[in-house]
Every structure is written in C-alpha cells, then in structure tokens.
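What follows is a single structure, written as structure tokens, with notes after it.
The numbers here are math on the coordinates, done by the rules we state, and not lab data. Everything numeric here is computed off the predicted structure, so don't read it as measured data. Glycine also receives a Cβ, built like all others from the backbone with ideal geometry; neighbour counts cover every protein chain displayed.
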Amino acid sequence: MLSAFFNVPITVKRVYVSPTPEPRHIPTPSNPIVQNRRVHLLTAPLSLRDSDAASWDPARPPQQRVACVATSVVRITSEQAARHFLDERYAIGQVFRILGRVANFQLLEVTVGQGNGAIGNLGKEYLRRKYLLKTEGFECEIQEVFPDREMFSVNNQEWLTTLDDFKDTDFN
C-alpha cells in the first residue's frame, strides 16, 4: 500500500532476523518455530527516476527514504508455512497469499509521539501501530513505526524529495 500511496517502488531492507535452528524441525502447535525480525521499508527513487524522469524536478530528485520500520514476531506451527517463509524466503504478506488464506487482522495498539531518535525521527511526530495477522499455522505480531508523519501529508511527493534525516540506530 505504501507503494501505491507514494507512487514509487518500495524495497525491503532486512535489519536483523533471529536464526532458525539448523536443521530446521517440523513445526507443530506444541513445538513452533519463532522468529524475530526487523526490516526497513524504503522508497526506491532510482527506479522511479529511470522510469518517470520527466515528472521530477532535477533540482529536487526523489530520495531513498525510510517509510517504515517494522518489527515482527513470527510464530510458525505448520510445515507448509515454514517452507514458504523460512526456506523460500517469502515476505509475511506473500505467505498468506501463497497459503490461499486471508489473514485474520487484529489491531492491538496505535500511538502517536514525538520522535527521540530511538523511535521515530528526532523532533518529528511518528505514528506507531501494533497488530496481529493470523491464520492456521502462521501468526505474526507486527509493530510498524512510521518515523515521520509528514509523509502522510497532502504533499507526500515533497516528502519524497527531502533528504532523509532518519538515523539508522539499528546499525550503530
């Protein structure tokens, strides 16, 4: 949905993933595989510039921006979900689609706050939401932090052309 909202491709940058036991056991409800992961969802301006260069002001080209930091706890209790997610490395949303199931969605929490650098951009208002996506054999508790609510303003294209002041504390 971010891709449609910004009209630019979104890429996923993996920050960390907890290791999967080797060899991987067959997950069951009584012996699940649990994985903790964090990713950054990034706007992808280079492909946009190549495909739609005429619509951008060359003095203010689109920048690669961190649109969201997503932290997930994934609990897998079926072999089919484990194969798609762990072995074939499909993204969370794609696993539900490949399984042919609609995820049960439960919103757990929504907060807005002032960014302090550890959460959200320093001095910017952030939006955080926490939710559960669940189907038989595959459950994900996800926290998403949108580090600068300005991205949701009427002029989101201006936000895309502003240099990103996001401090990547995940790599410090």
Task: Modelled FRET efficiency - R0 25 Å, E144 with D87, Cβ distances, 0.05 increments - done: 0.45
TODO: Return the FRET efficiency for the residue pair F5, Q94: r is the Cβ-Cβ distance, R0 is 25 Å, and the value is rounded to the nearest 0.05.
DONE: 0.85
Task: Förster radius 30 Å - calculated FRET efficiency between K13 and L122, Cβ distance, rounded to 0.05 - done: 0.90
- [ ] Note the full-extension length gain between N156 and R129 as 0.36 nm times their separation in residues minus their Cα-Cα distance, in nm to one decimal.
- [x] 7.7 nm
TODO: Would you mind giving the three semi-axes, in whole Å and largest first, of the ellipsoid equivalent to the range 75-155 according to its Cα gyration tensor?
DONE: 31, 12, 12
